[in-house]
Amino acid sequence: MSLVNIKIEGQPYQVEAGLTILEAAKACGYEIPSLCAFNHGECNQGSCRVCLVEATGARGLVASCVYPVSEGMEIKISSPAAVQARRRSVELMLSNHNKNCQQCDKNGQCELLHVAQITGAREDAFQGVHSETHIDTLAPGLIRDTSKCILCGRCIARCSNAHGMGILGFENRGFATFVSPAENRSFADSPCIQCGQCVNVCPTGALMEHSEIDKVDAAFKAGKHVIVQAAPAVRAAIGEEFDNPVGTPCTGKMIAALRRLGFERVYDVNFGADLTIMEEGTELLGRLQNGGVLPMITSCSPGWINYAEYNYGDLLPHLSSCKSPHEMQGAVIKSYWAQEKGIDPKDIFVVSIMPCVAKKFEKEREQLITNGNPDVDAVLTTRELARMIRRAGIMFNRLPDEEWDQDIMGDYTGAGVIFGVTGGVMEAALRTVYFKLTGKESEPVEFTAVRGHDAGIREASLDINGTTVNVAIASGMKSAKVLLDEIREGKSKYQFIEIMGCPGGCINGGGQPYVRPCFMPNEGDDILDTYKEKRAQALYSEDERQTLRQSHKNPQIIELYEKFLGEPNSHKAHELLHTTYAAREGFNEVKK
Ligand code: FES
């Protein structure tokens, strides 16, 4: 590694050659404000001009996020010219910004307000015409409001880089520029998979999840039996909303908060995850033993299902017919649970707390609604749950640790817990498939070959009692596309594939807390590199703490089959727990 000598604010430093001024300054302990530069150059347009500094050898001020350091360079961050220029850049952005901050769900987590504060841009220095506003509220998952957009381009970069999809782009030119799906279509009227990765990187409230908090409030008010179920990835991240270190498991406090919010029953989606494994594992075995369509591909991720229906309609027979865990559990709550409790399913309102934005779309699929009654009535993201907790005045960190409700669907295994991590569904299924093929439990329990947290492709070859099972895992559509094209070309060597819509799986879902180094002073500078691993570790350690770690050992799942479903993949199980898919061409019909 070659080094160069520089000075920042008159102090000498040696830094790595090739770094940008912004990176070098950070390494030396200086925080230069930035907006469009994000995550090691994932987005780096040099367009927002919030990071301007003085540097010798350069003409005038330079955008520190794109300008490299050089030998002997002297950098001035706090010169009057640099300070004023940065403030001016923010004031210009604010002059064309919807400043209705008290109504914005991003309030408190808005990076534009953050840089406004640190640059001192507090006045309405420029007043004039605002560019035209485009607001899209038609999609179940996402809302776009261009009056809050600062044209930083992060969403466009994430949509292309994470998925190779390129749904979002700049429309028009100059003052008329705005960010949108092609032709200013609604998300609902485009092949957007509604994963919400664009929301995760938006620095303002221009892209948000479509909130359903009002819907949940209305169900409480109407006196419904409001039952809540929370997905595994939520407990691994919700603590971040309340300033806990990234990766702090907060299961007990989350349960306590849900109870204080008034939910009649608080269940873990892990029960549904165990049920999914019973159905999906049996389906896989059936396909392996009876010459079914292989490779079989998991179907838990609604973003991935959207992608498959839009782009790989010919491969839909490869998808497992299993509903996703929260949909299975919702269906069980409105049938078996309702029957056991003597409650009319129409009086039950099921709320899912999810790390995912696409689940909001999923619950509205016509295949998941029976006689007008959906399996799941509302989906709240981890962030929305945190908003409800704050609104109710609940001091999250002071809550006691409480337990899930235990009746009917309170048991869960470690296999269910790891669903939240990329490779987790695969590993959970392998634990049960191994048992079914050999009659004994795997030793060790874990299949670590399928673990990892990056967005690439992982593969493993397993010999189970003489049966070779080749498996692959992909998260993010860019990686998935590689595996899908192999199947299409008849070159796939796999029997079982796990695909998750979001890079890193549900722990990095589009509904998870924002990871913003500028708001996380207690985390290391590398938090954008490490947060997925830390959240994943919270789930793996919960798996290790469980006495039961294979789905087929869940006593209440066994009871559910004995008393209600018969056996995995039975006729009744198919009616209640399985679904169908349909190819969609290009654009949806927009329901206004
Ligand atoms: Fe450097 Fe936007 S952060 S120009």
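Here are a few things to note about the model shown:
- Charge dipole of region 464-592 (Cα centre as origin; +1 on each Lys and Arg Cβ, -1 on each Asp and Glu Cβ, all else neutral): 300 debye, rounded to the nearest 20.
- Two-site FRET efficiency, residue 545 against residue 264, from Cβ-Cβ distance with R₀ of 35 Å, rounded to 0.05: 0.80
- Counting only GluC sites (Glu not before Pro) that DSSP places in a loop and that have at most 10 other Cβ atoms within 10 Å, the longest clean stretch of the chain runs over 124-488.
- Here residue 106 is the anchor, and the lysines within straight C-alpha reach of less than 23 Å, apart from those fewer than 8 places off in the same chain, are 148, 215, 359, 360, 532.
- Spatial offset of region 67-110 relative to region 237-295 amounts to 41 Å, using the alpha carbon center of each.
- Sparse-neighbourhood loop sites, trypsin sites (Lys or Arg not before Pro) in region 461-524 - DSSP loop, at most 14 other Cβ within 10 angstrom: 491, 493
- Sequence-distant residues sharing a close amide H with residue 349 (under 5 Å, placed H): 225, 226, 227
- Karplus-derived 3J(HN,Hα), 6.51/-1.76/1.60, for each residue of region 381-398, Hz, glycine and proline x: 6, 4, 5, 5, 4, 4, 4, 5, 5, 5, 4, 7, x, 7, 8, 3, 6, 9
- Estimated FRET transfer efficiency when R0 is 56 angstrom, pair residue 461-residue 96 (beta carbons, to 0.05): 0.50
- Taking each of 7/534; 26/253; 341/563; 334/534 in turn, the alpha-carbon distance tops 24 angstrom for 7/534; 26/253; 334/534.
- In order along region 78-85, phi translates into HN-Hα couplings of 9, 5, x, 5, 5, 4, 5, 5 Hz, rounded to whole numbers, per the Karplus curve 6.51 cos²θ - 1.76 cosθ + 1.60 with θ = phi - 60° and x for Gly and Pro.
- With the biggest extent put first, the Cα atoms of region 371-492 measure 55, 39, 37 Å across the principal axes.
- Note on the chain: antiparallel DSSP beta bridges, both residues inside, total approximately 55 percent of the bridges counted.
- Dimensionless Rg over Rh [the chain; C-alpha; Kirkwood]: 0.99
- For residue 169, residues with placed amide H under 5 Å, excluding near neighbours: 180
- Near-label residues of region 59-85 by backbone N, under 12 Å of a point 7 Å along Cα→Cβ of residue 2: 70-71
- Reachable aspartates and glutamates, given that their alpha-carbon falls under 14 Å from the alpha-carbon of residue 493 and they are not under 8 places away in the same chain: 459, 485
- Normalising the average separation of contacting C-alpha pairs (under 8 angstrom, six or more residues apart) by the number of residues puts the relative contact order of the chain at 16 percent.
- Potential lengthening between residue 56 and residue 525 on full extension [0.36 nm per residue; Cα-Cα distance subtracted]: 166.2 nm
- A simple spin-label model places the labels of residue 347 and residue 83 6.7 nm from each other, with each point 7 Å out along Cα-to-Cβ.
- By DSSP, the beta bridges lying fully in region 445-592 are antiparallel in about 60 percent of cases.
- Amide H contacts under 5 Å for residue 319, placed H, 5+ residues apart: 297
- Distance from the C-alpha centroid of region 535-585 to that of region 1-22: 55 Å, rounded to the whole angstrom.
- Nearby aspartates and glutamates by direct alpha-carbon distance to residue 99 (threshold 13 angstrom, same-chain neighbours under 8 apart not counted): 91, 123, 124, 145
- Over all orientations, region 226-370 has a Cα convex hull whose mean projected area works out to 10.5 square nanometres.
We did not get these values from a lab; they are worked out from the coordinates using the rules stated. In this text the structure is predicted, and so the values were computed from the model without any measurement. Don't worry about glycine lacking a Cβ; one is built from the backbone with ideal geometry, like all the others, and counts go over all protein chains shown.
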